[in-house]
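The next block holds one structure in the form of structure tokens; read it before the comments.
The values are calculated or read from the model by the stated rules, or taken from the named source; none is laboratory data. A quick note: this is a predicted structure, and the numbers were derived from the prediction, not measured. Because the Cβ atoms are built from the backbone with ideal geometry, glycine has one as well, and the counts that use them run over all protein chains shown. These area figures cover heavy atoms from the full protein model, side chains too; ligands, DNA and RNA do not enter into them. Shrake-Rupley method; radii C 1.70, N 1.55, O 1.52, S 1.80 Å.
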Amino acid sequence: MRPAAVQETTTSEVEAPDVATSGTHTATLSVQGMTCAACSGRVERALGKVPGVEEATVNLATERATVRFRTAEVARLDLDQVVRDAGYDVITVAEAASDPVPARDDAEQEARAQERRSLQRRLWIAAGFTLPIVLLDMGAMLVPPVHEALIALLPMQTWRFVFFALASVVQFGPGLRFYRTGWAAVRHGAPDMNTLVALGTSAAYGYSVIATFLPSILPPDANHVYYEASATVITLILLGKYLEALAKGRTSEAIRALLRLQPDTARVERSGRFTELAIAEVVVGDHVQVRPGERVPIDGVVIEGRSFVDEAMLTGEPVPVEKGEGDNVVGGTVNQAGSFTLTATQVGGDTVLQQIVRMVEAAQGSKPAVQALADRVVAVFVPIVLVIAAVTFAVWLAVGPDPGLTYALVAAVSVLIIACPCAMGLATPTAVMVGTGKAAQHGVLFRRGEALQTLTEVEVVALDKTGTLTEGRPTLTDVETAPGFDDDEVLRLVAAVEARSEHPIAAALVRAAVERGLDIPSVSRFRATPGYGVAGAIDGRTIAVGADRFMAQHGLDVDAFAAVAERLAAAGKTPLYAAIDGHLAAILAVADPVKPTTPAAIASLQGLGLRVAMVTGDNDATAWAVANRLGIDEVRAEVLPADKAYVVDALQRDGRRVAFVGDGINDAPALAQADVGVAIGTGTDIAIEAADLVLMGGDLNGLVRARSLARATLRTIRQNLFWAFAYNVVLIPVAAGVLYPFTGTLLSPVFAAAAMGLSSVFVLANALRLRRWTPTT
């Protein structure tokens, strides 16, 4: 069965109605120019201050801002301007929300590629002009013969002019980007990483310029130049930014891998012949031919032929599924040996694959709760660093050894350079990006990134029975009538009433009547009571079908069938009763086979330390019969559809975190009530819309995989945050010179720049390790 379409709640680049709030839209802005956590924080605060904006979240790793706003008060162009006023740029792409994801992302990808090319070009220029300074200046200091040879060639003052010329190219060429964005940040009252770099390198460069052209105003013992420090710092930071940009590209590899699953062309019937056409030319209703070994190009229904289709990209399960006439197939899946023709039902951005990608992107843009601490720290981090640098300079100048000015400059510049909050900003979103992308490859779609953390805290998993633990396709197994009633006649009348119902049990009863060759008459005065039963009139006769509580509503006593009901329930079958013209006519039983994967999945969940509960409308005896067979810990039986959310609430009132797993429309309130709502992907759109994560394969083992991957992702986030905080807590004091009284050495700004770049690369590399995650068996 094809998974139900996944509905999008956030859009890219355009506005789309928010499902939860009338008059509210959610838009995603692609923001260019953010370099650290302070940048993303500034954009987030700027958007959050706009009247009419209800929520704004900015993700540094994806470079996107997700904004929910009231359309009566805010226009999309206003939001773009707010971002630009904050000192950043916005890529604007006008298109429909249902357009394919690749079409929406082209401009964004091109902008990122241009940024990488720009960084690479700046890096080569900076390195080319920095290397001679390092070799000639640092080399001369480290190797006395080199120093003597240089002095013999040119006077030292002349060499200073040469170094000044080379360093100036670096400072105001490749280094100009730090001045532009750093000054813009200062103007908006929120200094960032660029501000720190601009201040630090300017201090080293400016001091060197004074020592070169106005040496007389400096104390004799402080007449030194630091051109190599300013130029090398800029070069190393550009190198770190370039490596960071490359690593960021790899964090979104999962989405690109999903997009590559859709072929570029399809064999479409035109004028009686199958012709190779671009996928964008396929429209709903087209007949598309799929040959052996090809990927299915589009969502559709098989109208001719038979084959096995590998749906691993969708469900994470490697076993091919047989497809024949009338079966649904999903674009991106792989046809095996046979061939078939399908009718296109979903094209463009409406295909399941495109909706999966949008769902993953939405999850990647959200923030787990663990990010809150980092956000609070970053909000005040850069101003604190500026204060620390100023205090460092003053202390060294006042009590440091001679030349005090030199030591003060080196220490202050090192503090400014080493304290960049890049690693803090990347710690969480990069891990979320890789984790949610990896989950999608295994048939698990996190609709909200917050669920990654919450899922690891869950203690109880509550499972809806029908369609979750079972196949969701009940079959009639028993019909026992009261004296004076005929089996076939009762079933004929029961099927007639149930034909108006959409419940899976109703379908089972109708199917059984059809298989017996019974004619199904029309019904009048049909009435359905959710959780109880259905009733109607046929040729003047009144028919009622439902649970024992439904019979009680009609004033009927079911004790005559008590022994039969007990026997059926003990076998795990669901007993129903039929009443005709106010008389109890029969007891019927249906059984819904348990999915083959269910027992192992429940055992795995319990192996993870989780308590498993089953929620069902079945009577208590039937429910416990199924639960005992599966080893389920708790049972909530005879639960009406409207009461499932109350059951979840009752479990939560014990102080436990609860995940609820369901697939039906009536499960939506419970999914929303649970700490983590888990929808079976073969279920309804409404259930999926209310969920936090979706198991596309309909297999509970997907929840085991989701829990395992969530724990791995959260562990990575904590490692990243620990590194980011520990790096600054340890190295800022070192840069300020706390080790000097003990070791007699002071951290060079060059090493500070290298350490700053490596901290971001470490965080990214650690997040990328999640790409190697594989499900445990």
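Name, by its number, the condition in (1) among the aliphatic types (A, V, I, L, M); (2) in contact with a Gly (Cβ under 6 Å, 6 or more places away or on another chain); (3) at pLDDT below 85 that does not hold for A245.
(2)
What strands (runs of 3 or more DSSP E), lying completely within region 398-495, carry at least 1 residues that are among the small types (G, A, S) and either touching a Pro at 6+ places or on another chain (Cβ under 7 Å) or within 26 Å of I602 (Cα to Cα) (or both)?
Here the list reads 460-464.
Within region 322-357, track down each residue that is within 22 Å of the chain's Cα centre (by Cα) and outside any loop (DSSP other than H, G, I, E, B).
G348, G349, D350, V352, L353, Q354, Q355, I356, V357
For region 529-547, name all the residues that are under 22 Å from D592 (Cα atoms) and either open to solvent by 60 Å² or more (accessible area, probe 1.4 Å) or in contact with a helix residue (DSSP H, G or I) (Cβ under 6 Å, 6 or more places away or on another chain) (or both).
Matches in region 529-547: P530, G531, Y532, G533, V534, V545.
Restricting to region 57-82, count the residues that are within 28 Å of E244 (Cα to Cα), open to solvent by 20 Å² or more (accessible area, probe 1.4 Å) and not in a loop (DSSP other than H, G, I, E, B). Quick ask: steps written out before the conclusion?
Keep residues of region 57-82 that are within 28 Å of E244 (Cα to Cα), which gives 57-67, 79-82.
Checking the rest, the ones that are also open to solvent by 20 Å² or more (accessible area, probe 1.4 Å) come to 57, 63-64, 66, 81-82.
Cutting the leftovers down to not in a loop (DSSP other than H, G, I, E, B) gives us 57, 64, 66, 81-82.
Summing the residues that are within 28 Å of E244 (Cα to Cα), open to solvent by 20 Å² or more (accessible area, probe 1.4 Å) and not in a loop (DSSP other than H, G, I, E, B) in region 57-82 gives 5.
Out of V564, V514, report the one residue that is in a helix (DSSP H, G or I) and open to solvent by 80 Å² or more (accessible area, probe 1.4 Å).
Going through V564, V514 in turn, just one is in a helix (DSSP H, G or I) and open to solvent by 80 Å² or more (accessible area, probe 1.4 Å): V514.
Quick one: which helices (runs of 4 or more DSSP H) sit completely within region 673-777 and have at least 1 residues that are touching a Ser or Thr at 6+ places or on another chain (Cβ under 9 Å) and more than 19 Å from E450 (Cα to Cα)?
On the way: elements: 685-690, 701-736, 740-743, 749-768.
Correct list: 701-736, 749-768.
Give the residues of region 169-199 that are open to solvent by less than 40 Å² (accessible area, probe 1.4 Å), without any contact (Cβ under 8 Å) to a residue 24 or more places away in the chain and within 16 Å of T235 (Cβ to Cβ), sorted by residue number.
A198, the sole residue that qualifies.
Considering only residues of region 270-288 that are touching a residue at least 40 places away in the same chain (Cβ under 8 Å) and open to solvent by 50 Å² or more (accessible area, probe 1.4 Å), which is farthest from the chain's Cα centre (by Cα)?
Here the answer is H287.
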